[in-house]
1. I need the strands (runs of 3 or more DSSP E) fully contained in the range 53-136, keeping only those with at least 1 residues that are closer than 22 Å to residue 26 by Cβ and at pLDDT 95 or above.
2. Just checking, does the range 46-57 include any residue being touching a Phe, Trp or Tyr at 6+ places or on another chain (Cβ under 9 Å), buried (at least 16 other Cβ atoms within 10 Å of the Cβ), of a type in the set (Ser, Thr, Tyr) and at negative phi?
3. Within the set of pairs 6 or more residues apart or between chains, which connect a residue that is over 14 Å from residue 34 (Cβ atoms) and touching a residue at least 40 places away in the same chain (Cβ under 8 Å) inside the range 110-128 to a residue that is assigned to a helix (DSSP H, G or I) and of a type outside the set (D, E, K, R) with Cβ atoms less than 6 Å apart?
4. Report the residue count in the range 80-132 for those that are open to solvent by 60 Å² or more (accessible area, probe 1.4 Å) and hydroxyl-bearing (Ser, Thr, Tyr).
5. Kindly indicate which of 60, 29 is open to solvent by less than 60 Å² (accessible area, probe 1.4 Å), within 24 Å of residue 144 (Cβ to Cβ) and without any contact (Cβ under 8 Å) to a residue 40 or more places away in the chain.
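The values are calculated or read from the model by the stated rules, or taken from the named source; none is laboratory data. Values in this document were obtained by computation on a predicted structure and should not be read as measured data. Using ideal geometry, Cβ is built from the backbone for each residue, glycine included, and neighbour counts are taken over all protein chains shown. These area figures cover heavy atoms from the full protein model, side chains too; ligands, DNA and RNA do not enter into them. Shrake-Rupley method; radii C 1.70, N 1.55, O 1.52, S 1.80 Å.
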Amino acid sequence: MAENTDKYASLKLGNQLCFPLYAVSKEIVKRYTPLLEELDLTYTQYLVMMVLWEKKSISVKDLGGMLFLDSGTLTPVLKKLESKGYIDRKRDEKDERVLIVTITQTGDELKDRAVGIPLQIGGCVHLEPDEAKALYKVLYKILGEFEKQG
């Protein structure tokens, strides 16, 4: 009996949307690594710092939501950043259940050393500006759908 090859088409690596997303993400993080090692940051720590360079102070819950990270992943990252003197973590005075993360002066000064990193990474990607905008839009559309689904 002949096997229907179309039956398994969805299992081919070349037909997976998730695979090139995974592979590109992995390769980009690999290129970030030597740049971030100069700042003594992991990629996840860098993401947290980018939010704090912009927001200055944010709840752990909101930070996790922005970065799509659960508290189990975020807590050790925040502890490490706090031990480096880049952030402070304190309970909200109005609601003790809420933990607030605030950038320190040392953490804020780190952004001067990090400011060139996005341009260096952009140089590795080789997309035209319109391609980069289109990709950004599509990726955030996917993330938005995931947020709706919970």
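1. In the range 53-136, no matching strands (runs of 3 or more DSSP E) lie anywhere.
2. The answer is yes, given that some residue of the range 46-57 is touching a Phe, Trp or Tyr at 6+ places or on another chain (Cβ under 9 Å), buried (at least 16 other Cβ atoms within 10 Å of the Cβ), of a type in the set (Ser, Thr, Tyr) and at negative phi.
3. Close Cβ pairs (under 6 Å, with a partner that is assigned to a helix (DSSP H, G or I) and of a type outside the set (D, E, K, R)) amount to 111/53.
4. Total satisfying the criteria: 2.
5. 29
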